[in-house]
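Below is one structure, written out as structure tokens; comments come after it.
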Amino acid sequence: MPGKLKAKIVAGRHLPVMDRASDLTDAFVEVKFGNTTFKTDVCPKSLNPQWNSEWFKFEVDDEDLQDEPLQITVLDHDTYSANDAIGKVYIDIDPLLYSEAASVISGWFPIYDTIHGIRGEINVIVKVELFNDLNRFRQSSCGVKFFCTTCIPQCYRATLVHGFVEELVVNEDPEYQWIDRIRTPRASNEARQRLISLMSGELQRKIGLKVLEMGGNAVVGYLQCFDLEGESGLVVRAIGTACTLDKLSSGSAPNTNTHMHPNTAPASNACNSPSKDGKEPVFVEDLPSSSGPPTPFRALPTSSSPPPFSPSKPCSRQSSSSDTDLSLTPKTGMGSGGSAGKEAGPLRTLLRQQTQTALEQRGASSSGLLLNAREFPFFTLTSFPPGFLLHVGGVVSARSVKLLDRIHNPALGNTRSYKLLDWNSVTADEPETRDAWWEEIRQEIKSHARALGCHAVVGYSESTSICEEVCILSASGTAAILNPRYMREGCLDIGCTDHRFEEPSPPNCGFCHIPYDELNMPFPAQLTYCYHCRRQKVPDVLFTTIDLPSEAAVAGKGCLIQARLCRLKKKAQGEANATAISNLLPFMEYELHTQLMNKLKLRSMNALFGLHIQISVGENMLLGLASATGVYLTALPAPGGIQIAGKTPGDLSSEHISSIQKRINDTIAVNKELYQINPPELAEEGVGSPIPEPRHRSRLFRSHSESSDELSELDLSHGKKDAFVLEIDDTDAVEDIHSLLIDAPPPTGFYSCNTENMPGISNWTSGVQMFTSVRVLRLSNANLTNQGLNKIFTDLCENLLKSFYFKLRSMIPCCLCHLNFTVAVPEEELIQVTVTAVAMTYDKEQTQEKTAEKPVNKGSLEAEEQLQFPLELCADSSSSNIQTASKISGVGESTNISPRAASVDYGSFADRCSTWLELLRLKAHTIRRGSVKTSRRTQSLAHSVSSLERCSPLQEGRSRSLRSSRSFGGSSVTVVKMTPLSFLSGTRIIKYLGIINMFFIRETTSLREEGGVSGFLHSFIAEVFAMVRAHVAALGGNAVVSYSMKECVFMENPNKNQAQCLINVSGDAVICISETDQESSASTANTGQTGGGGTDGAT
Amino acid sequence: MSVELDVFVGNTTIMDEEVYQLWLDGHTVNDAVKVRMEGGVMDECEASKDVLLSDTMDQYRTFQMCERLLHSPAKLANQLLFQIPPHRQIMLIERCSRDALIQLTHLFQRSHNSLFLYLFVKPPPLCYVSSHGNLFFVSLSLFRYYAFDDTFVREVLGKKLSKGTKKDLDDISAKTNVTLKSCRRQFDNFKRVFKVVEELKGPLVENIRQHFLLSDKLARDYAAIVFFANNRFETGKRKLQYLSFQDFAFCAGQLISNWTVGAVDNMVEDMDVDLDKEFLQELKELKILITDKDLLDQHKSLVCTALRGKTKVFIEMENNFKNLSRGLINIAAKLTNTKDVRDFFIDLVEKFIEPCRSDRWTAADMKLYLTHYTNSAHILDTFKHQVVWDRYMGVVKSCIFKMYHD
């Protein structure tokens, strides 16, 4: 009994009126944990009751502490009838279970009811006393820290990365239990909320146990998802990366990166052991037959027999593998023999092949090459400490279509109760099935990665899409070679890096260098020597799922690139349906990829980061949405243009083609300008090293009829043909090209990306606005074509973006970061798009200065990095100021910092002065903003600034008082910032308080009265935000980072005036402090540094 | 193909000042879109009509959600649903209007006792910066939410704030050119304030100000409305049409501070909205001024002596003295009847203002006359009710001054 949980109910406020007669409420509270319940006294006739209860004490196992939430129910006492529930609060006490996080949960929580929403607030204090338990057979994993953040958390240092952890738990969905027919919607919703809360707790505990087993103390990049499988149950699954983290003392916190830099890269290469003989053959066998894409998509070799859907052959393998599963599905009458007969041939071949691959893998592992075969070398992280990531191969992905087994639901109706009785025995097997499914997918990913010559997969994520009984499982990641220095021994199979890398590769281009063997390329790709170091080969395009490494050298800015696709599909049931879907998948992947590639070229960029492809299944259509952030990597060759070619000159006049060509060329030129892509052309000629293959500008796509053999060779590889040739052979193609050009660039002052960092912008100011937007479109026209649907879908996404720009126009200049689009087909004719993103303001002037400084002189980089350390110190210790300032004056000649240089003699004075300077800078910023609107105001402001300038630091006293009043002014409601990013601009995270993982259901039977579907969802989302903020504030935090809305399932029945919505959100609760208060001088100094030397955004 | 659902929710609530005003004015979403388009927002950010429509609907929904909170503003200080954090730089403070700032400082210091800052950015998006986000956003919105149209309130002034009156709102809306929606909001505001202060003890204006976080001026106006509604003063007669709401509000202020129970003793537990019954009884005693022939003549001669040579309308004054005096004192004597209380203003106009006006008294004449009329009564030896007289005449005098115009 190693834990004591204590809870105290203090007071309530704003309670709803429960007694119509008196317009008051007689409220009391039930506090429940596990099976123990306590009650407070009734506080009669008050809407703002003061209970001030005793401490309710629960003595429980720490296992329960991890699994169970504290459940607080507020009720209205009724003498004659049953007490009415006002609402509930679930408090996850997990953050109290590890020492470094929160010590107490105390604050006002919104009282939530699934039918009425928020109904007042309750003030609660919760504490935990934990006794140490050294039992090695323990079931709990208290003390393991969880982070949603997909990078090493700011105030920690990773001493060791252990690797992939995964777990899933399964239960029956209360919504589908027989009892649901007789209980109220409220009871059903609450049962569901509670169950999911329990399951999340259990899942976290189990993952924690695995981490402890591995010797780690934390999970980073923790990603938990729900699969609402309906009749067949509820799956909660999670993946993450086990690490050993060291807390940094607050003083050295900002230097996390500097610690590991810059010596790690060379060292790591030295560590690379030469290839192992046993390893090579596996690849040699694989590679010749492979026809995978150049970089972006890598798929396993295909069978020799040409399947019906040749163009996208490599992809089809992934989905076909699912067909094999289908044929194995037991019990159902519709066997694969009849309907799927045609495909049986290739399928079997594939099956055989798959088995072979698996065998090979197993063989390899048994021979000791893979030290831990069960372990997947996967990392859910998307950004890494410098030097961690050595080389990146490309995106690897796998999809599989499954039929949710109906074993537990042999029939509908009365037998369901039988099923329920049987449930326990069933659940025992259940996770095994799901585990096996994921295991299979992961194996596939792993083998793809190996085929790319990589030993690890980074930026790894998994997702599902479910429609009725069909489920698409997807996994994707980026094949990469990591620096083994940070790994636990044996975690990675490092054998496959070979001796090609004799020289240390520079950090800013090293990750672009191909990890695979140039002579035995896994696919036909076009390689050139790196445009940076001229030593190693690089591909012509690079697709990844990770964030842009901070050390990467880029030209210009990045931008969001989306490929959108709709495919109609016939309505079908069971296996036929699954087969139809798996047949469509490869086409979709192919088209999405083509779109991405074309749009990338159109923006004159050569790499994609944060690539996320979602394929969503509905009853009569499939939706595909690929989002990524395009960027121009200076290490990679410049992308060629796009050339239009008419296949049959008779169809379309050459003028028409040339006009399209002109439009495309113009667009490219405009985009170059827009994203400020001015690659260092000079360097190319200056070094003049041989580029092995000249870039071809005009190799044509062979079209259909020519030869089917060649067709089967066709793949997703555009690189080989420099495939910027678009062929117009029918009107569809014209449409496609038009749709390419539809994507409007963001209006002036806006940039957008879907990654953590916006390539080319790093000087964020403190404006942060996180938002969620949901749009559902009803397709009224039944006879839609694929083309028509595509157009609708594309417009939907584009219009959403336009709406964001408009709404956030007051933040200009700003950047929409981490734009996360989720698509769903909730009903037959509905398309739902959910977007969560954050808008952040930045300092425009600085950015321009910076871009002007491009191309970067890499020589100065090191010196600057060395500088960075003392620079950051100068805020803390005034004694170092003299030294610092002198260094600054050495590096930067920027006028910006000259006043500081003049004041170096007085340590503390310099500090104050810099505060004043910061103020001045902000003022200047103000002017710029103002000048757009009203010139008169600007003048007056400018005047005030200049006067400020004149009176110089004397003014400082006043401004400082203003500043302090801003940050320390008292407030009754804590402002909680939220962001999907791992950082908050302008602040430093000083403490992680624990993971926030909340699940809410809201239902209404008075939809019209609540303002229709939009009104209903609007208030629900606002309520969810409010509840997240309240929980964070109760933990003592003031921000949520790595926030995400994992699930937003919306169902409506307007005829019955009903709607229901489920939302799952997660994130890390943190305490952050403003950088400007603490480190104003440092930030000013950095500004100066940037202006003077020019960096690549590593700061 | 239609947009079934479309929402945008920010962690920081975004409110557009312009749309807020349109919403308050009761414009429909489509009208608001039209107004905004004409205003030229479209040029910003290359917005299309659809974008504008979507944005306007979002804003309207936000306001509707806010509305519930606006109804009991005191809760707003610690509400959790909306968040307006101090994300704008403090330096922008120069931009805000000075008046609003002072008003808000005043408000804030009373409730929170610490410094605050806010920011008012045009074009539209409205941002408030403070060390305490919520209250400021609320304060400014409140001024607007509880603001009303004088023309509208003039129509309902003194009417019972009941369902019956609410039904007539469409007529009033047509007459005053205020949209029906806006009429309803204003009417409901009156009702809400009425209902809340009805049950509260202590000074009326202060109660309204604290409970609804309104400015002093607005709180006084609401007090007037509540006071008129409670006593059902007749204001709708044709003869009273020339009076504005502000005229009545002034009179109400006078009545509240002099004739209610709270006027004598503000520690008393009775409400501030009812007239002091004892005082009204005592007013009957004033009748002696017109019933006692000697007193009346004495009073007249005193007033006439004082006025002679000081005004062009002296003759008319002298001739009319008895009539006018009877008029004023009869009004006083009848105030014990609720019915006559209702007719207080119409009586003042009929019995006093109209006769004077027909004799072409100037405002200065009026002032002169009433001053001497009041003061002379003190010199009358046999007149013992000086206190009641002052209490009565003080109010009547200032009311008539206010009401004596075209």
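Readers should treat all values here as calculations from the given coordinates under stated rules, not as data from a laboratory. None of these values were measured; they are calculated from a predicted model. Every residue, glycine as well, gets a Cβ built from its backbone with ideal geometry; the counts of neighbours run over all protein chains shown.
Between the DSSP loop rule and a limit of at most 13 other Cβ atoms within 10 Å, which trypsin sites (Lys or Arg not before Pro) in the stretch A:969-1029 are left?
Those that pass, being in a loop and sparsely packed, are A:1008.
Largest first and to the nearest Å, give the Cα extent of the stretch A:42-111 along each principal axis.
46, 21, 21
Residue A:37 to residue A:663: FRET efficiency via 1/(1 + (r/R0)^6), r the Cβ-Cβ distance, R0 51 Å, to the nearest 0.05?
With a Förster radius of 51 Å, E is 0.15.
So, R0 is 30 Å and r is the distance between the beta-carbons of residue B:163 and residue B:34; what FRET efficiency does that work out to, to 0.05?
0.35
Just counting partner chain Cβ atoms within 10 Å, what average do the residues of peptide B:189-199 show around their Cβ?
Mean shielding by partner chains, rounded to a whole number: 0.
Over 29 Å between C-alpha atoms is what I'm after, so list which of B:160/B:351; A:8/B:191; A:791/A:1056; A:569/A:672; A:402/A:599; B:159/B:300 land there.
Pairs exceeding the cut-off: A:8/B:191; A:791/A:1056; A:569/A:672; A:402/A:599; B:159/B:300.
Going down the table (A:570/A:601; A:571/B:49; B:239/B:339; B:217/B:287; A:662/A:807; A:57/A:977), which pairs top 26 Å between alpha carbons?
A:570/A:601; A:571/B:49; B:217/B:287; A:662/A:807; A:57/A:977
For the stretch A:553-667, what class follows from the C-alpha gyration tensor (a ≥ b ≥ c being the square roots of its eigenvalues): rounded when a/c is under 1.5, otherwise prolate if a/b is larger than b/c, else oblate?
Verdict is oblate for the stretch A:553-667.
What is the stretch B:308-406 by shape, rounded, prolate or oblate, if you read a ≥ b ≥ c off the alpha carbon gyration tensor as root eigenvalues and call it rounded for a/c under 1.5, prolate for a/b larger than b/c, and oblate otherwise?
Note, shape of the stretch B:308-406 comes out oblate.
What does the extension gain come out to for residue B:171 and residue B:217, with contour length at 0.36 nm per residue minus their alpha carbon separation?
Full extension from residue B:171 to residue B:217 adds 13.7 nm.
Round to a whole angstrom and tell me the spacing of the C-alpha centers of the stretch A:1004-1052 and the stretch B:183-240.
Computed from Cα coordinates, the inter-centre distance equals 37 Å.
Can you tell me the equivalent ellipsoid semi-axes for the stretch B:272-324? Use √(5λ) from the Cα gyration tensor, largest first, whole Å.
Value: 29, 15, 9 Å, ordered largest first.
Could you derive backbone 3J(HN,Hα) for the stretch A:666-673 from the dihedral phi with the Karplus parameters 6.51, -1.76 and 1.60 (θ = phi - 60°), listing whole Hz in sequence and x where the residue is Gly or Pro?
Here the 3J(HN,Hα) series is 4, 4, 4, 4, 4, 5, 4, 5 Hz.
Could you calculate the FRET efficiency of residue A:569 with residue A:778 from 1/(1 + (r/R0)^6), where r is the beta carbon distance between them and R0 is 22 Å, rounded to 0.05?
Working from the Cβ atoms, E equals 0.75.
Convex hull over the alpha-carbon atoms of the stretch B:140-196: what's its volume per residue in Å³?
75
In what sequence do A:551, B:318, A:121 fall when counting other Cβ within 10 Å, fewest first?
Result, fewest neighbours first: B:318, A:551, A:121.
How do B:343, A:246, B:55, A:23 line up, fewest other C-beta atoms within 10 Å first?
A:23, A:246, B:343, B:55
³J(HN,Hα) across the stretch A:821-831 via Karplus (A = 6.51, B = -1.76, C = 1.60, θ = phi - 60°), whole Hz, x for Gly/Pro?
After applying 6.51 cos²θ - 1.76 cosθ + 1.60, I find 8, 10, 10, 8, 10, x, 9, 4, 10, 10, 10 Hz.
Hey, got the average number of other protein chain Cβ atoms within 10 angstrom for residues in B:11-20?
Partner Cβ neighbours, averaged per residue: 4.
Checking the a/c ratio against 1.5 first, then a/b against b/c, what shape does the Cα gyration tensor give for the stretch A:546-602?
The shape class here is prolate.
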